[in-house]
1. Name the long-range amide H neighbours of A:Asn69: under 5 Å, sequence gap of 5 or more, or other chain; modelled H, no Pro or chain starts.
2. What's the exposure ranking of B:Trp194, B:Trp81, B:Trp153, going from fewest to most Cβ atoms within 10 Å?
3. For the protein assembly as shown, treating each Cα as an identical point scatterer without solvent, what Debye log10 I(q)/I(0) comes out at q = 0.05, 0.09 1/Å?
4. Roughly how large, in nm² to one decimal, is the mean projection of the convex hull of the alpha-carbon atoms in the stretch B:205-320?
5. Quick one: 3J(HN,Hα) in Hz for the stretch B:229-240, Karplus 6.51/-1.76/1.60 with θ = phi - 60°, rounded, Gly and Pro as x.
6. To the nearest whole number, what is the average tally of beta carbon atoms from other chains within 10 Å of the beta carbons of peptide B:206-213?
7. Under a GNM of chain A (C-alpha, springs under 10 Å), which listed residue has the highest mean-square fluctuation: A:Met243, A:Met288, A:Met218?
8. Taking chain A as a Gaussian network, where each spring joins two C-alpha atoms under 10 Å apart, which residue of A:Ala58, A:Ala189, A:Ala287 fluctuates the most?
Amino acid sequence: MTSATVSTAPRRTDVPDVPAPREGRSGRRPASTILVTGILVVVAIYFLVPVYWVVVAASKTTDDLFGTNGFWFGNTFALFDNLGAVLTYGGGVFVRWFANSVLYAGVGGLIATYLAAAGGYALAKYRFRGRNLIFGLVLGGVLVPGTATALPLFLLFSQLGLANTYWSVLIPSLVSPFGFFLCRIYADATVDSSLVEAARIDGAGELRIFHTLGLRIMTPALVTVFLFQIVGIWNNYFLPLVMLSDQDLYPITLGLNNWNSQTDRLPEFYELTTGGVLLSVIPLAVAMIVLQRFWRGGLTEGAVKA
Amino acid sequence: MTTQTTTTPTGAAPGTRVAGRPPKKRSTAVDRAPWILVGPFLALFLLTFVLPIIVAIGQSFTTVTRAGLFGEQGVTTGFAWFENYRIALEDGNFVASIWRMLLFGVVQVPVMIVAATVLALLLESASARWPGFFRATFFMPYGIPGVIATILWSFLYVPGLSPIIDLTETLFGFTPDFLGAGTVLWSIANIVTWTYAGYNMLIIVAQLKAIPPEMYEAARVDGAGPWRTAWSIQLPLIRPALVLTTVFSIIGTLQLFAEPQLLMTVSPAIDSQFTPNLSAYTTAFAYNDYNVAAAQSVLIALVAFALSFLFLRLTNRSSR
């Protein structure tokens with residue numbers, strides 16, 4: 001992780017899905033096309049089977065779930081009954097869990113991105129004492145396993161009276177060492193110092209320069225940081241598990257786990273769990289497929305340096 | 001591009017346009033600005049990363065003695081030297097869980113990285129049809145939380161519910177046991193690979209796209225076929241992405257928690273100390289021994305650090 005130049009960083013050949021200029025390399029024999037596409041289809045089936053299964057399972061009654069073939073629909077089509085049960089069970093607690101996840105991931109992602117951008121920009125565009133120390137510290141933070149800090153953070157937050165509140169999950173979500181790292185590299189490579197100086201001469205304050213000039217130029221990196229942070233928070237399990245005991249504060253991961261763990265005693269929870277899993281997977285799967293192109297670059301912009 | 005930032009006097013010349021700000025004040029504004037910008041991030045970073053690590057290290061060297069049956073006659077804390085670490089390391093189950101994760105990592109990480117690389121190369125080859133569709137499909141599981149992925153797969157593992165077990169029974173007449181003592185580790189490996197292979201693939205694809213077209217052109221002129229191009233041009237040039245994804249996978253392996261914790265309810269082969277993290281969690285919340293749990297957390301982080309460092313050293317040396 002030396003600080004070589006990252007001249008490749010801002011290059012974005014935004015021509016998705018075109019197999020580059022290599023296509024003209026040869027006509028490509030149809031045999032190899034069939035072989036390669038065949039392999040990709042088999043792999044795609046592997047990735048899709050669990051999702052397909054849950055779509056089928058969510059449409060079944062508990063009797064059908066155990067009595068009929070798992071890969072095909074059952075005798076009664078109970079999808080809407082099941083989804084209705086998911087949404088109304090326990091006074092609509094599933095909706096609440098979903099809203100909590102949106103709150104944690106949305107607010108956490110936005111603020112974390114803004115803070116990472118400000119910090120990364122400051123390190124890239126100013127020379128000041130302690131600059132290298134900060135960068136080294138944060139770089140170490142990227143490598144610290146997230147679960148290693150969760151336990152001591154719980155002890156700390158308990159003493160501050162923050163454990164088992166919205167804050168206990170939200171505050172750690174506001175920090176993204178990886179985002180900071182990426183923003184610093186990106187600002188270094190794209191925000192032109194002479195532009196900053198010109199803005200200064202025009203009388204713009206330092207913070208205004210960052211907000212009007214810096215943020216705008218850094219937007220592509222910010223999108224990547226934002227998406228990573230959202231997925232990270234949404235998928236987090238250990239931190240909320242350690243911090244929260246009040247079910248009303250649960251994110252969706254914890255809530256579904258709660259239902260799933262009751263299935264062995266109360267079989268009707270199978271319907272709730274499969275329905276709940278389906279409802280939470282669909283928005284995520286759609287989001288991943290739609291946003292997939294924004295991940296391009298992402299980590300490798302930092303990796304070019306490695 | 002770096003020199004002008006701190007030299008302030010240049011801006012003082014067109015004094016009218018500086019909107020009445022004397023040069024002296026501007027210089028302090030430039031001095032102050034980075035701290036205002038980095039301050040909020042730094043404060044939160046110190047609170048949520050640095051302080052917990054200090055607390056954990058402090059806790060791991062502390063011993064708490066409770067007087068009386070329930071500690072009602074006062075609690076005394078003292079410096080314990082390496083006592084907590086001794087307890088953690090003498091706990092055979094905890095040490096076994098670290099070895100289990102090493103075994104897991106030695107198999108799962110290479111399988112996943114090789115799979116991700118092959119998929120990336122296939123997707124980027126001219127032979128692939130509909131690369132956009134496949135890329136999106138392979139990447140999709142990354143957005144599914146580990147907890148939900150585990151619930152999904154556990155349905156496919158549990159006898160009576162799993163259509164896969166039904167299928168192998170009717171087709172081949174044998175009943176696979178996905179949750180047995182010898183197999184459950186690899187059933188977990190399957191869930192982890194399913195979740196992250198597409199994500200790693202996308203990172204590698206991004207690096208493949210950064211290879212300048214002239215390189216392919218040159219290889220073609222030299223008469224290199226697709227195999228030769230992949231081996232001599234693409235693989236060496238995506239090295240940084242491979243190193244990065246491997247390091248993150250190693251760190252992730254040692255953190256494994258959600259998958260075994262959820263499968264515990266359906267698989268008797270998983271105990272409460274199956275992975276190092278599960279061990280630390282159990283020590284803290286089932287035995288309420290935060291000090292030994294802190295020592296375990298520190299040990300997990302140290303092993304993750306050591307392995308990442310070792311791997312980086314190895315790859316650095318072989319590239320020279």
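1. Residues meeting the criterion, in which the H sits 1.01 Å from N, do not exist here.
2. If I rank by nearby Cβ atoms, fewest first, I get B:Trp81, B:Trp194, B:Trp153.
3. Cα-only, vacuum Debye calculation for the protein assembly as shown: -0.25, -0.82.
4. 10.6 nm²
5. Using θ = phi - 60°, the values come out as 4, 4, 6, 9, 10, 5, 4, x, 7, 9, 3, x Hz.
6. 6
7. A:Met288
8. A:Ala287
Rule-based calculations on the coordinates, nothing more; no lab input. Note that the structure is predicted; figures quoted are calculated from it, not measured. Positions of Cβ are generated from backbone atoms using ideal geometry, with glycine treated the same way; all protein chains shown enter the neighbour counts.
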